[in-house]
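Peer 1: Quick one: structure below, then a few questions.
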Amino acid sequence: MRLFLVCLALLAVAACSEETADVTSTANPSPDAAATDGPTDQPTTEATTTESPAEPDVLNLEIGATADIGDASVTVNSWRLDAGTEFFKPDADKQWVVVDVTVENTGDDEYNISSLLQMAIRDSEGREHRDIAFADTSGSLDGTIPAGQTLRGENATEVPAGATGLQFVFKQSFGSEQARWKLR
């Protein structure tokens, strides 16, 4: 049944139009820029060097920080390791990482979300793990979020035991924009 729902979510996401993402973080917001995108009426006669404000580090966010990715405002609330149940446990050389996430649709249209396409755990070796674990989770992060609404749930992933430098990765469905939160 879960496989059917994942496939259905993939089809729903694929049917959506591609959105352009602009990644920012409310954990370390950048001030408004005064630059213009087009040509100006005044010629520039000399090069000036000014220090621009530091861009928010959306690839190394802290737990509790929020990142805006397209029409999604994403917050990682917490994370934990899950030892499994009597019937479902991680393999002896694996562990389950469960991340509690809130996604708010800041756009005017429905926002389709897929944990399989948009979420992963990245380790210090640069490997991204997307395995869906059978961990005991609260809420699902798959489906459609109406405009102005939020969805909160947990994403479970199986990673090698002892993996270091773990980060939760949230990616735009169709595009290269992403944000990462430090787990450990």
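Computed from the coordinates by the stated procedures, all read-outs in this text should not be read as laboratory data. Just so you know, these numbers come straight off a predicted model, no measurement behind them. Ideal geometry is used to build each Cβ from the backbone, glycine not excepted, and the neighbour counts take in all protein chains shown.
Peer 1: Name the long-range amide H neighbours of I145: under 5 Å, sequence gap of 5 or more, or other chain; modelled H, no Pro or chain starts.
Peer 2: Counting only residues 5 or more places away or on other chains, the set is Y111, N112, I113.
Peer 1: What is the projected area of the convex hull of the Cα atoms of segment 119-184, averaged over all directions, in nm²?
Peer 2: Mean projected area for segment 119-184: 5.4 nm², to one decimal.
Peer 1: Explain nothing, just compute: Karplus ³J(HN,Hα) = 6.51 cos²θ - 1.76 cosθ + 1.60, θ = phi - 60°, for every residue of segment 110-124 in order, whole Hz, x for Gly and Pro.
Peer 2: Values, residue by residue: 4, 10, 8, 10, 9, 5, 5, 8, 10, 10, 7, 10, 9, 9, 5 Hz.
Peer 1: Between N77 and N60, what is the spin-label point distance in nm, taking each point 7 Å from the Cα along the Cα→C-beta axis?
Peer 2: In this crude spin-label approximation the distance works out to 2.8 nm.
Peer 1: Can you list the residues, at least 5 places off or on another chain, whose amide H is less than 5 Å from the amide H of L61, using H built in the peptide plane?
Peer 2: So L61 has HN proximity to R180, W181, K182.
Peer 1: Give a residue-ordered list of calculated ³J(HN,Hα) values for segment 80-91 (Karplus: 6.51 cos²θ - 1.76 cosθ + 1.60, θ = phi - 60°; whole Hz; x for Gly, Pro).
Peer 2: After applying 6.51 cos²θ - 1.76 cosθ + 1.60, I find 7, 9, 10, 7, x, 10, 4, 9, 10, 9, x, 4 Hz.
Peer 1: For segment 68-184, which semi-axes, largest first and in whole Å, follow from the square roots of 5 times the eigenvalues of its Cα gyration tensor?
Peer 2: The three semi-axes for segment 68-184 are 25, 16, 11 Å.
Peer 1: Would you pull out the residues with amide H under 5 Å of S173's amide H, same chain only if 5 or more places away, H placed 1.01 Å from N?
Peer 2: Sorted by chain and number, the residues that satisfy this come to none at all.
Peer 1: In straight Cα distance, which lysines are under 17 Å from K182, not counting same-chain residues fewer than 8 positions off?
Peer 2: In chain and number order, the partners are K171.
Peer 1: Could you run the Karplus curve 6.51 cos²θ - 1.76 cosθ + 1.60 with θ = phi - 60° over segment 151-160 and give me ³J(HN,Hα) per residue in whole Hz, x for Gly and Pro?
Peer 2: 9, 10, x, 10, 10, 10, 9, 8, 10, x
Peer 1: Based on the mean of other Cβ atoms within 10 Å per residue, sort peptides 110-118, 62-70, 80-88 so the most packed one is first.
Peer 2: Highest mean packing first, the order is 110-118, 62-70, 80-88.
Peer 1: Now for a different question. What is the distance in Å between the Cα centres of segment 99-131 and segment 74-88?
Peer 2: Cα centres, segment 99-131 to segment 74-88: 15 Å.
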